Every structure is written in C-alpha cells, then in structure tokens.
Amino acid sequence: MLIFIARRLLLAVLVTLTVLTASFALTRLSGDLAISIAGPQATSEDIEIIRKAYGLNRPVVVQFGDWVVSAATGDLGRSYLYHEPVARLIAARMPTTLTLGLCGLVVALGIALPLGILAAMREGSLMDRGIMMVAVVGQAMPTFWLGLLLVIIFGLKLGWLPISGADEWDGFVLPAFVLGFSAVPALMRLTRSGMVDALASDYIRTARAKGLSRAAIVLKHAARNAAMPVVAVAAVQLGFMLSGSVVIEGVFALHGVGYLAWESISKNDFPVVQAVVLFLAVIYIALTVLADMLNAFLDPRLRTQ
Amino acid sequence: MSALLEVEGLRVRFNSRAEAVRGVSIAVNKGETHCLVGESGCGKSVSSLAIMGLLAKGGQRTADRLAFGGQDLRGLSERAMSRLRGDRMAMIFQEPMTSLNPAYTIGSQMAEVLTRHRGGSRRAALDRAASLLGRVGITAPGMRLAQYPHQLSGGLRQRVMIAMALMCDPELLIADEPTTALDVTVQAQILRLLMELQRELGLAILLITHDLGIVARMADRVSVMYAGEVVESATAGALFAAPSHPYTRGLLACVPIPGTIARGAALGSIPGTVPRIALGFQGCGFRDRCALADASCAGAVPVQRRAAGHEYACRLEPGWGERALGERALGEQA
Amino acid sequence: MAGLLGVLIVAGVALMAVLAPWITPYDAFAQDLTMRMIPPAFMEGGRPDHLFGTDQLGRDYLSRLIYGARISMLIGVATVITSGLIGITLGMLGGFIGGRVDMVVMFIITCRLSIPLILVALAVVSLVGSSLTVVVMTLGLLLWERFAVVTRTTVMQVRTLDYVAAAWAAGCSRTHILLREVLPNIVHHLVVVATLEMAIAILLEAALSFLGLGVPPPLPSWGLMISEAKDYMFFSPWVIMVPGISLFVLVLGINFMGDALRDRLGASREA
Ligand SMILES: Nc1ncnc2c1ncn2[C@@H]1O[C@H](COP(=O)(O)OP(=O)(O)O)[C@@H](O)[C@H]1O
Ligand code: SF4
Ligand SMILES: [Mg+2]
C-alpha cells in the first residue's frame, strides 16, 4: 500500500514537471514574445525595452530555470496586464471556478448515478434504451449552445434565473447545470455498465439467496462494487469541468479562473496563461491521485495488501 | 405427513425455443438429505434456482405444485419470497470464490442475514456469526469476522457460506455442488461438516452433485436427472441395489459392486452428451444415447414403479435385465 | 435504426460540404446591410428567398450554414487523420513492444490528459495566429490520446493470438507483423474511436470559434456563427438556433453512426 502511494506520487511529480516544461514551451511558440507583448504599433525600441523589462533577452534556458524555480516556490510571476502577482489573481478567481466545478460535479452525479443504476436494473428495457438515448443526445450537445438556450428559456422567457454574473447563489444554477450536464454521459455509461456487471455477479445471487431487500441488493451490494471506476472517472471529469469552465464562464460572464485565462490569452498576458495551464494541470493530477487513493481505500483487496 | 419441500411438474424455460427443466418432481422430507444427481448441463442448478425463486433474468418458471412447509410458493411475490429465503430456506453455491461480496467483511455479510430476518442488534448478529464460524470449524472466528473474502481460501469461504446459510436456523438447505470447486481433502471435510450439521440441527438438505461417491456417502433419497427431467427416484439403498433406468445403470456401470463406490467416481461413462431439448419434444430424452431404445421410445414414456418410493421413467418393465446384471456381478466376484 | 439515421445525416452534411460552392443560393460572404436579421422563411416576417433568414450583416444564413458544414467536416476529418496517426503510432509502440517503451507511452498519455485541453488549444491558436490550418493542427496534436489508449490495449490483446505467433515463427519482420497481422485485427476498434474523435473535434472547434479563438471571421464556422449571433439572441432566438441545431444534429448523427458501428463491429465499450 505504501509502495503504491509512493509510486503514484512519484508519477504525479514527473507528470507535473513535464507539464511545467510544456506550459513554458507553449508561450514560446509564437517566436518572439516581446513582439507579441508590444503589439502591432510598437517600434523596435519599444520592443527592446520590453525585452529587457521582462527578462526576455536572457537565454531561454535561464528563463526556463527561473520559471521552474519560482513556480516551485509558489511564485508564478506577475501579470503584464494587471501588474499583480499571478498567484494572487488566480486565488481571487478560484472560489468562483471551484464552486462551479463542485456544483457541476454534484449535478453530474445527481443525474448520472440514479439514471445509470435505473438503466442497469432494467437492462434491455424501454427505459434503459431511453436513458441511454439521453447519454447519446447529451454527448452531442455543444455546451456553450446549451448554456445560451437555457439563458433564453430560464433567464429571459421565464425570468427565474439571472442572465449573467453570479452575485447571488442563483447565478450559479444554470452554469453549474450546463457544466455538470457535459459530464453526465460518460458517468452514466460507466455507472450503468458497472452496475450491469455487478448485478450479474455471483455475490448478488448470494445476496438474493439471503433474502435481502431489493434496496440492499442494489444499493449496498452492487453499487459498492460499481463505484470504483465511477470514482476514478468522476475525478477525471471534475478536472475536465474545471478546465472546461473557460467556455461556461464565457457564456455566463462569470469571473473565474476560466475567464481570467481567456482574457489573458486574448491579451497576450503570458505569465497568467502559463500559470493557469500549470495550475489546472496540477489540480487534475492531484484529483487523479486522490481518486486512486480513494479507490485503494474502497477496494479491500488493495487496502489490505 | 407431507414433505417439507414438494415440487411437482417444475418447468423452466429461458427463451421460447428450449426448455432447461421439463417437469421435475422432487420431495424433500424434514431432516433428510436428498441428492439430485446428473451430468453437467442437465438442469440441476436451474431446478434449484427455480425452487428458490432465484432464476436469472429471462428465466420463466411454471409448476403444478411448488410448496414449502405446506405453503404454496408459486403465487408468492418477490417480497414475500425474499422473507423466506435466507430465513427458512437457504442456499449455497458451487463457486465459493465469487459468491461472497469482495467489498464487505465476512462479519458484515453474515450479520445482515440475521438483522434482515430477525431484527435485533448488529452486535448480537455478529456474536451469532462468530459462534457459527466456530461451529463450521473456523478457528479464531472473531478475527475472521473482520476479514474480507479475498483473505480466505476457497475451503474457508465455503465454510463461511455454510455458516452464513445457517444464520437463521433454516429448515431447508439447498447446496448446489458445494464441493466441486474444492480440493479433494477439503471436499471431504465440507461433506462431513454438512452431515454433522444435519444430524445436529435436523436440517433438510437438497444436495446437488454430479459425483456418485458423494451420493453414496450422503444421500437418504436420490433423484437422477437427465436432460431436464428426473428419470429415476429412489432411496439411496434401493437405487444402488437395483438401478432401474438405463441411464442410471449407465452411470453405475463403471462401478463394480453397487453401494461400494469409490470416492470421486465420475459420471459420464456413457458416450455422447446431454442434448438441448427443444420445446414440444416428445418421448424419452435419453433415446439418442440409450442402447435399448426402440421405436416406442419416441412415444409417451410410462412411469414404472419398481417398489414403493422407487420410480423411473422408461418403457422397460421393472426387473428388466436384472439377471444379466446379477450374473455379471457374480462373474466378477469369481 | 439510429445507425441508419446517423449515416444519412453524416452523408447529407458531407454532401453539402462538398457541393457548397454549387448549391448555396447566395454568396456566403456577401453582405447586404439593407437585408439584416431577416427571420427564417417559416417564421413571421420571413421571406421565401432567404430560407433560414439573414445574419446581422445581411448575409444569407442558409448559404453560411452550408459553407459551415465544410468547415466542420474538414475539421472533423483532418483532426481524425492527424490525431489518428499520432495516437495509433504511440499505441502500437506501447502495446507491441511493451516494457520500457510502453511505460514511456503511458507517461506521455498521462501528461497529455493532465493538460487542460481547451485552454491549451485556445492559447496555441492565439499565439500562432488563428487560421483553419492552425485549428486543425492544434486539435490533431491534442486529441490523440483515445486513439493511443485503445490501440495500445487492443494491440496487447491481439499480439498474443495464434496467428501473430505464427507470423513470428515464420520470421516476418516487426513492421510486417504490425501492419499486416495486428493492424487489420484492431481496425474495427479504431473506426469507432475515429467517429468519436470526429464528433469531439467538431464540438471543440465550435467552442474555440465561439470564444473567438478558432476559425477566423468571416469564415462561417457554426461555432463562430453562434458567437456572432449571440448579441441578438434575446430578440431573435432563431439566430443561435439555426447554427446550434445544425451542430447538434451533425454530432448526434456521428455518434449514432459510431454506436451502430460499435454494435455491429463488436468493438469494446471503452472505445
Ligand atoms: N441464464 C440462462 N439462460 C439460458 N440458458 C440457461 C441459463 N442457465 C442455464 N441455462 C441452460 O439450462 C441448462 C441446464 O443448466 P444447469 O442447470 O446449469 O445445468 P447443471 O445440471 O450442470 O447445473 C443448460 O443447457 C444451460 O445452457
Ligand atoms: S424409454 Fe427407451 S430410450 Fe428411454 S431409457 Fe427407456 S429404453 Fe432407453
Ligand atoms: Mg450446476
């Protein structure tokens, strides 16, 4: 068990380092950063000044080393646009995105788990096929378009929810639903197939032979065994939702990390872009590690090794 | 007095084309061991699952009579049936490795049987579980309760299954090939345990097996199954003394003297395999493999009474071929 | 049933894409400021000569829609080809050679999965400059991991089979075995992945264009059409309905097709 955790963490560190390198390399893609920062009207003197000011005249290797060292100490650089430490910018925007992501996860699980279980219990029935159709349709729905549709319906026509922004909790309802909905198909499919396998297993026959109630059979005995892959994928989906919030925050004008990223990308604010990419990647890596640990804990075969 | 479990004309089909069980009748009396014996695929498991109401999805059951302790099980709702299962009738399976839920401790899986049917505290249920684990010969039961199935060997798991089946003091235990997946020495231990428990608790056991050695050791009564039907039914003594169906004789043919069967003697000395019987099949299901088949075997097959409580389904009258069999036995002794 | 519908939808859109220059009723780029925001013909205020109405610059919506099909199909197909090449190569290396190489491949896949997809795509397009080629290349470079994962697993299953062993015994070269014995036996899984990836690529391009960092205007990408129309959607919801429904139906059709292929070809669920 300890070895398992150690190996998992080592892998996580290696992946983080690689992503760190990649996100640095990403911002050097355009060739000369100084030209991009200076904008189209800049003279060559302007560019030279910028190059000096941002330390872009040093060798790339030195710049990279600098960025790694400071990133490791939590210093993600300063925003060209806001003239503020990037870490502070992200910290200020994080609550919005995190709220969105977690609410989205709750929505996704709230829809996917019951429907997936129901479909598995009635495998092959009309209801099963209907539920799976929801998954196929959900997968084809462009999230940003769904967001706009819901804004028109619930914001404009019915007037139940705000059209944009999230000053109150109700501003999160639509974006969280849309974000969560995007994760429903994958989670629902997995829940269903896991439950179908579990329900056909020998230990479920034993549970029935013991005369247990239907609820105990499905929710206690089958669901527990179907849960492990769902936990893993739920973590992955939460990671996807956090980075996917760049679209949703755009649609609903929420000022979270996604919006910050979009803004800094459009305005060539590279330190912020670099940092947000790295930050979201680290969250994703942490989530997958967490899911593995949770699974190791859920699965007695792993836990008691 | 009527039997504890009465089954008449039990039929099971999984789809519209074939029938897995075709009119099986079995009666299991209080406190006796009834062996259901037959080659693999002849419908033993399906019959027992049908009795327990545990058929897999798509399995359809009909019966002329299906009663437990005088209560008709046919019209019972799933809910009412689940009240009986695990309480008054229990079942253990062939696959000890997969029959326990890997995600829960032994204690938790055992305790829930008692709390489900009898209520009471979990503590009390765990105490009973521990004492039953001790009873089925598991050492350090207190420690075992906290363990998970994967930490136990196959033999131990089957003991756990048996102990779990006994949680509510059932009247009937259906054991579907409980030792097939186990080592020979462990097999013997489990069988001895079942015999002891039966004597001690007055348990009725419907023991399913394809092993004639087990039948010879355990059975009070025997039903021989072939292709979804019971072809011969008798007390164990009568069956081994005077096997009357050609199939039964075929099974016993490899055995020198009836009644002294080597442990582990396998079935299937008869060439061919159990056929799948299509719906609306007429005549004797064994006739493809029967050396004595004639044209009349394609018609309705009569049930012959060899003695009280000894019946078989065949065109041949009681006493057929007896002299030949006797002579051969004599010849072999000489 | 749904599979057939899917094929019909995809074939229809593909046909539209190919024939776009000949079947559009108007020039998809021609603005006519006197004819702005005319609703579709079947709605109140619509005109029969603009079946799906006109946009905020007076361009014929149907013509732009038909041209948009070109972009979506192009993105879908080109992305599948690039990402397929990358993913299948990596998956084959890992699955066939195994050992250290496989560890490296798995590591690359893990790294790719940790990178926030949309964000990096946006950043790349923004840095390199937005054009159709850049979008295609970016998506191709980012969307290969499912190809890699499925190729890797299926190659691992196939390589232990008898005929592969027989080919080894016959002294065939590695490349020969990979291309002639292994690939044909996993191709049905890959076809299913390809449909899935195509759908994802189309949706992703639409999202990028919606955020203003995908296909550059005035190209009529469906995502861009939604983006340009969204300021008007409160007064005339149809402006986002027309491209949105097109996008939805196309992706739905591809998914239907993929599901039907999966069932028919017996590909695995994970694909
Ligand atoms: N769930 C099922 N669906 C369809 N056919 C089944 C099912 N279970 C068993 N059968 C068929 O019923 C017949 C009897 O099987 P079974 O009772 O398991 O035999 P055994 O005597 O070895 O226990 C076999 O032909 C088997 O194929
Ligand atoms: S009825 Fe005919 S075929 Fe069947 S066992 Fe008797 S002799 Fe053989
Ligand atoms: Mg069986």
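A single member of B:Ala50, B:Ala27 is within 12 Å of ligand 1 (Cβ to nearest atom) and within 21 Å of A:Ala209 (Cα to Cα), and it is B:Ala50. Checked across the range B:157-172, the condition of being among the β-branched types (Val, Ile, Thr), within 19 Å of B:Thr98 (Cα to Cα) and touching a residue at least 24 places away in the same chain (Cβ under 8 Å) holds for at least one residue. Against the criterion of being away from chain C (no Cβ under 12 Å) and either at pLDDT below 90 or surrounded by fewer than 24 Cβ atoms within 10 Å (Cβ to Cβ) (or both), A:Asn268 does not qualify. Taking the condition crowded, with 21+ Cβ neighbours inside 10 Å, assigned to a helix (DSSP H, G or I) and more than 7 Å from every other protein chain (Cβ to nearest Cβ), does A:Ala186 pass? So A:Ala186 fails the test. Counting the residues of the range C:89-140 that are within 29 Å of C:Val215 (Cβ to Cβ), within 11 Å of chain A (Cβ to nearest Cβ) and not polar (S, T, N, Q) gives 20.
Inside the range C:64-79, can you point out the residues that are crowded, with 23+ Cβ neighbours inside 10 Å and of a type in the set (Lys, Arg)? Result: C:Arg64, single match.
Yes or no: the range B:172-180 includes at least one residue that is within 27 Å of the chain's Cα centre (by Cα), more than 16 Å from ligand 1 (Cβ to nearest atom) and within 21 Å of A:Arg208 (Cα to Cα). Scanning the range B:172-180, I find at least one residue that is within 27 Å of the chain's Cα centre (by Cα), more than 16 Å from ligand 1 (Cβ to nearest atom) and within 21 Å of A:Arg208 (Cα to Cα), so the answer is yes. The listed residues are B:Ala56, B:Ala3, B:Ala27, B:Ala90, and the only one of them that is of a type in the set (Gly, Ala, Ser) and crowded, with 24+ Cβ neighbours inside 10 Å turns out to be B:Ala90.
Among the residues of the range B:210-230, those that are farther than 15 Å from B:Gly43 by Cα and in contact with a Ser or Thr (Cβ under 6 Å, 6 or more places away or on another chain) comprise B:Met218, B:Ala219, B:Asp220, B:Arg221. Scanning the range B:42-70 for residues that are more than 17 Å from the chain's Cα centre (by Cα), away from ligand 3 (no atom under 13 Å from the Cβ) and in a loop (DSSP other than H, G, I, E, B) yields B:Lys57, B:Gly58, B:Gly59, B:Ala63, B:Asp64, B:Gly69, B:Gly70.
Scanning the range B:190-207 for residues that are touching a helix residue (DSSP H, G or I) at 6+ places or on another chain (Cβ under 8 Å), over 19 Å from B:Leu100 (Cβ atoms) and surrounded by fewer than 21 Cβ atoms within 10 Å (Cβ to Cβ) gives B:Met195, B:Leu197.
A quick yes/no check of all residues on (1) over 26 Å from B:Gly69 (Cβ atoms); (2) within 14 Å of chain A (Cβ to nearest Cβ); (3) within 16 Å of ligand 2 (Cβ to nearest atom):
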site: B:Arg157; (1), (2), (3): yes, yes, no
site: B:Ala175; (1), (2), (3): no, yes, no
site: B:Leu182; (1), (2), (3): yes, no, no
site: B:Leu193; (1), (2), (3): no, no, no
site: B:Gly202; (1), (2), (3): no, no, no
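Taking the conditions (1) over 14 Å from the mean Cα position of the chain (by Cα); (2) closer than 28 Å to C:Phe42 by Cα; (3) of a type outside the set (S, T, N, Q) in turn, C:Ala260 satisfies each one other than (2).
For the residues C:Val136, C:Val155, C:Val150, the requirement of being β-branched (Val, Ile, Thr), in a helix (DSSP H, G or I) and under 30 Å from A:Val251 (Cα atoms) singles out C:Val136. Quick check, is B:Lys57 under 23 Å from B:Ser223 (Cα atoms) and either within 16 Å of ligand 2 (Cβ to nearest atom) or basic (Lys, Arg) (or both)? So B:Lys57 does not fit the description; no. Among the numbered conditions (1) closer than 30 Å to C:Leu247 by Cβ; (2) more than 10 Å from every other protein chain (Cβ to nearest Cβ), the only one that A:Leu146 does not meet is (2). The number of residues in the range A:151-182 being part of a helix (DSSP H, G or I), more than 19 Å from A:Leu98 (Cα to Cα) and within 12 Å of chain C (Cβ to nearest Cβ) comes to 6. Just one of the listed residues (C:Met16, C:Met43) is of a type in the set (A, V, I, L, M) and more than 25 Å from the chain's Cα centre (by Cα), namely C:Met43. The criterion of being surrounded by fewer than 23 Cβ atoms within 10 Å (Cβ to Cβ) and out of contact with any strand residue (DSSP E or B) (no Cβ under 6 Å at 6 or more places or on another chain) holds for B:Gly41.
Can you tell me which residue in the range A:253-265 is surrounded by the most Cβ atoms within 10 Å (Cβ to Cβ), limited to those that are touching a residue at least 60 places away in the same chain (Cβ under 8 Å) and of a type in the set (A, V, I, L, M, F, W, C)? Result: A:Val257. Do you know which of the residues in the range C:209-252 that are among the β-branched types (Val, Ile, Thr) and closer than 20 Å to A:Phe252 by Cβ is modelled with the lowest pLDDT? Of everything passing the filter in the range C:209-252, C:Val239 is modelled with the lowest pLDDT. Here the condition is being of a type in the set (Asp, Glu), part of a loop (DSSP other than H, G, I, E, B) and within 16 Å of ligand 1 (Cβ to nearest atom); of B:Glu39, B:Glu19, it holds for B:Glu39 alone. The condition of being closer than 18 Å to C:Pro40 by Cα, within 8 Å of chain A (Cβ to nearest Cβ) and either in a helix (DSSP H, G or I) or in contact with a strand residue (DSSP E or B) (Cβ under 9 Å, 6 or more places away or on another chain) (or both) holds for only one of C:Gly244, C:Gly223, that being C:Gly244. Checked against (1) among the hydroxyl-bearing types (Ser, Thr, Tyr); (2) more than 9 Å from chain A (Cβ to nearest Cβ); (3) out of contact with any helix residue (DSSP H, G or I) (no Cβ under 7 Å at 6 or more places or on another chain), B:Thr115 passes all but condition (3). Would you confirm whether any residue within the range A:252-259 is farther than 22 Å from C:Ser114 by Cβ and aromatic (Phe, Trp, Tyr)? Yes, the range A:252-259 contains a residue that is farther than 22 Å from C:Ser114 by Cβ and aromatic (Phe, Trp, Tyr). Among the residues of the range C:199-220, those that are away from chain A (no Cβ under 12 Å) and buried (at least 22 other Cβ atoms within 10 Å of the Cβ) comprise C:Ala201, C:Val215, C:Pro220.
Only residues that are assigned to a loop (DSSP other than H, G, I, E, B) and of a type in the set (Gly, Ala, Ser) were counted across the range B:287-310, and they come to 6. Inspect the range B:216-233 for any residue being polar (S, T, N, Q) and modelled with pLDDT of 90 or more and give the result as yes or no. So far as the range B:216-233 goes, yes, one or more of its residues are polar (S, T, N, Q) and modelled with pLDDT of 90 or more. Applying the criterion of being touching a residue at least 24 places away in the same chain (Cβ under 8 Å) and of a type in the set (A, V, I, L, M, F, W, C) to the residues of the range B:82-102, the residue that is nearest to ligand 1 (Cβ to nearest atom) is B:Phe93. The set of residues in the range B:53-81 that are within 13 Å of ligand 1 (Cβ to nearest atom), among the charged types (D, E, K, R) and closer than 24 Å to B:Ser25 by Cβ contains only B:Arg61.
The values are calculated or read from the model by the stated rules, or taken from the named source; none is laboratory data. Everything numeric here is computed off the predicted structure, so don't read it as measured data. Methodologically, a virtual Cβ is constructed for each residue, glycine included, from the backbone with ideal geometry; neighbour enumeration extends over all protein chains shown.
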